[in-house]
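To keep things clear, I will list the structure first and then write my remarks on it.
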Amino acid sequence: MPRAYSGGDRGPAGRSFRERLGALRNIGPFLAMVWRTSPRLTVTSLILRLVRALLPVVTLYIGKLIIDEVVMLVQLAQKPASLGAWIDSGLVNWLGALLLAEFALAVLSDILGRVVSLVDNLLSERVSNASSVRLMEHAATLDLEDFEDAEFQDQLERARRQTSGRMTLMGQLLGQAQDMVTVASFAAGLLIYAPWLIVLLFVALVPAFLGEAHFNAKSYSLDYARTPERRELDYVRQTAASVETAKEVKIFGLHRFLIDRYMQLAKDFYAANRRLALRRASWGGLFTALGTIGYYLAYAYIAWRTLEGAFTIGDLTFLAGSFRRLRTLLEGLLSSFSTVAGQALYLDDLFTFFAVEPEIMSPENPLPFPQPIGEGFVFEDVGFRYPGVERWAVRHLSFTIRVGEVVALVGENGAGKTTLVKLLTRLYDPDEGRILLDGRDLRDYDLDELRGNMGVIFQDFVRYNLSAADNIAAGRIDARGDRARIEEAAMRSQADEVIARLPAGYDQMIGKRFRKGVEISGGEWQKIAIARAYMRQAQVLILDEPTAALDARSEYEVFRRFKELSEDKTAVLISHRFSSVRMADRILVLADGRVEASGTHDELVAQNGRYAELFELQAAGYR
């Protein structure tokens with residue numbers, strides 16, 4: 001059955017305000033992730049921000065005291081005639097202390113700002129790295145079925161973007177905590193003088209908050225809905241300018257087609273973003289105007305009360321400054337809260353990805369993989385079809401692969417050869433029937449041990465832009481430091497001849513993606529890839545069309561050595577070249593997802609069936 005991934009057809013655009021607000025549930029797990037990454041840096045940031053939060057109100061209050069002190073000194077009947085006389089009189093001692101205190105607070109605020117920025121940058125980098133590692137670790141546990149699903153690819157792309165794209169959220173959350181302490185300190189001052197100013201302030205700012213919440217949700221909806229197009233945009237950009245595609249792009253003159261496709265996609269993105277930005281700016285301007293009106297009403301009230309004598313000039317300065325700062329802080333808090341709610345929607349992409357569970361796993365009490373294999377594999381009426389596809393890839397498969405036997409799979413494209421290998425390695429599980437190993441269902445064994453005892457090279461093997469040694473060591477990466485084992489694997493696959501021609505030998509970077517990399521031919525890549533299977537030193541060896549880029553002679557030599565080196569091992573090989581598969585102990589002919597015939601090369605030719613027909617067609621091409 002096809003897997004269901006979050007989002008579905010409904011998407012975020014259909015979410016209610018309550019559901020969007022519910023995304024704030026992601027803040028707790030996010031903060032827990034930040035804490036687990038570095039408790040020390042988190043605590044340091046919180047303490048520094050707490051100190052910073054109290055500095056503005058203390059600084060403003062000291063400013064009020066300075067103004068009141070200056071007004072009092074100006075009103076003295078007998079004032080000293082010079083600065084020296086003022087100092088000698090001692091009248092300005094308190095004023096000097098206040099000025100020095102304000103200067104010290106300004107210096108402290110600047111230093112704390114830089115230290116907080118440093119701590120936040122370090123913490124953000126570590127959180128980004130930790131979430132990226134967690135994403136890769138979780139992705140490694142998921143099924144092949146997931147990665148072959150386009151909807152899952154969209155979800156993975158959104159999650160991948162959040163590992164770094166949401167790191168600003170951490171700074172916003174910590175900044176909000178700091179601003180809330182500052183707001184509380186300013187609000188306490190206003191409550192003493194004029195409590196109703198707080199009410200006026202909130203009434204003026206609520207519309208701006210609701211507007212920001214609305215447009216943040218709209219922005220997320222746009223991003224969510226555009227994920228497939230964004231992946232296509234990235235794909236076109238990569239295809240138009242990469243070493244892997246450069247030859248065909250130049251030969252076929254594809255650059256204009258790719259550029260036009262990119263420009264069309266980018267144009268659609270721009271148009272959608274422009275419409276949203278214009279609406280956001282228009283409404284935002286109106287809501288900002290309401291906040292400004294509220295501020296000046298409060299300012300006029302404070303000035304009038306000062307004229308009445310209820311407030312001193314210092315009080316006027318303190319209250320006006322407090323109201324202005326409070327307005328700015330509350331605007332920032334409400335806007336930030338709205339932004340946080342919006343970013344929490346994006347966090348939903350990350351945490352819903354982490355919630356995807358694999359279906360193919362080890363049982364609760366797994367059997368250890370047999371050492372060595374005693375009998376071999378038995379397919380009992382096995383049937384399988386790919387998720388979302390009605391046609392069976394294979395069905396009613398019943399055959400054995402005996403221990404120590406080299407079995408070749410042949411058949412036309414789509415016959416089910418690679419599917420059979422995927423089932424044998426538990427990249428997929430059968431929908432019907434079962435596969436037995438030494439009489440027990442393959443699903444009863446430990447999954448890691450099962451795959452660890454299989455050396456598999458697929459026809460679409462990966463060309464790692466790593467050193468030659470690491471490319472081979474990928475077959476058993478925990479033995480990466482065993483150079484003798486790497487060299488032996490290379491010798492078995494004839495990759496040692498390729499590596500001998502490289503400037504830096506086994507330490508040579510292969511591939512042109514990185515600096516000092518050297519490109520090698522497709523056939524040379526295949527020999528290095530085959531070495532991975534030998535590097536594994538597994539009980540079961542599987543080669544799935546890995547020699548397609550080799551000439552007939554080279555492929556024959558590879559398979560000849562493969563048969564020699566797979567003595568006492570169970571081996572499966574797939575090839576379209578009958579001159580190679582004829583050396584197998586037994587050949588299975590697959591057609592329409594079933595085993596149509598089985599036997600040695602001579603037996604199958606004598607049956608005058610599909611195998612004989614295909615063999616004759618291929619042989620005729622060499623006459």
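For the stretch 468-489, which positions are among the acidic types (Asp, Glu) and either open to solvent by 40 Å² or more (accessible area, probe 1.4 Å) or modelled with pLDDT under 90 (or both)?
Passing the criteria: 478, 482, 487, 488.
Considering each of 481, 511, 452 in turn, give the residue that is in contact with a strand residue (DSSP E or B) (Cβ under 9 Å, 6 or more places away or on another chain) and of a type in the set (Gly, Ala, Ser).
Just a single option satisfies the conditions, and that option is 511.
For the stretch 490-519, which residues satisfy the criterion of being under 28 Å from residue 556 (Cβ atoms), of a type in the set (A, V, I, L, M, F, W, C) and surrounded by fewer than 14 Cβ atoms within 10 Å (Cβ to Cβ)?
Listed by number, the list holds a single entry, 500.
Can you pull out every residue in the stretch 27-43 that is surrounded by 17 or more Cβ atoms within 10 Å (Cβ to Cβ) and within 18 Å of residue 132 (Cβ to Cβ)?
Within the stretch 27-43, 30, 33, 34, 37, 38, 41 meet the criteria.
Residue 112 versus (1) open to solvent by 40 Å² or more (accessible area, probe 1.4 Å); (2) in contact with a Lys or Arg (Cβ under 6 Å, 6 or more places away or on another chain); (3) of a type in the set (A, V, I, L, M): which is the lone unmet condition?
Of everything listed in (1) open to solvent by 40 Å² or more (accessible area, probe 1.4 Å); (2) in contact with a Lys or Arg (Cβ under 6 Å, 6 or more places away or on another chain); (3) of a type in the set (A, V, I, L, M), residue 112 misses just condition (1).
Checking residue 562 against (1) over 24 Å from residue 452 (Cβ atoms); (2) open to solvent by less than 10 Å² (accessible area, probe 1.4 Å); (3) at pLDDT below 85: exactly one of these is not met. Which one?
(1) is the only condition that residue 562 fails.
Would you check if there is a residue in the stretch 576-592 being modelled with pLDDT of 80 or more, acidic (Asp, Glu) and open to solvent by 50 Å² or more (accessible area, probe 1.4 Å)?
Yes, the conditions are met somewhere in the stretch 576-592.
Does the stretch 379-389 include one or more residues that are touching a strand residue (DSSP E or B) at 6+ places or on another chain (Cβ under 6 Å), over 15 Å from residue 594 (Cα atoms) and at pLDDT 90 or above?
no
What strands (runs of 3 or more DSSP E), lying completely within the stretch 521-616, carry at least 1 residues that are farther than 21 Å from residue 500 by Cα and over 41 Å from the mean Cα position of the chain (by Cα)?
Values: elements: 540-544, 570-574, 586-591, 594-599.
Where strands (runs of 3 or more DSSP E) fall fully within the stretch 521-616 and carry at least 1 residues being farther than 21 Å from residue 500 by Cα and over 41 Å from the mean Cα position of the chain (by Cα), they are 586-591, 594-599.
The values are calculated or read from the model by the stated rules, or taken from the named source; none is laboratory data. What you see is a predicted model; the values in this text were computed from it and never measured. Backbone-built Cβ (ideal geometry, glycine too); neighbour counts: all protein chains shown. Please note that ligands, DNA and RNA were not included when accessible areas were found on the heavy atoms of the full protein model with its side chains. Shrake-Rupley method; radii C 1.70, N 1.55, O 1.52, S 1.80 Å.
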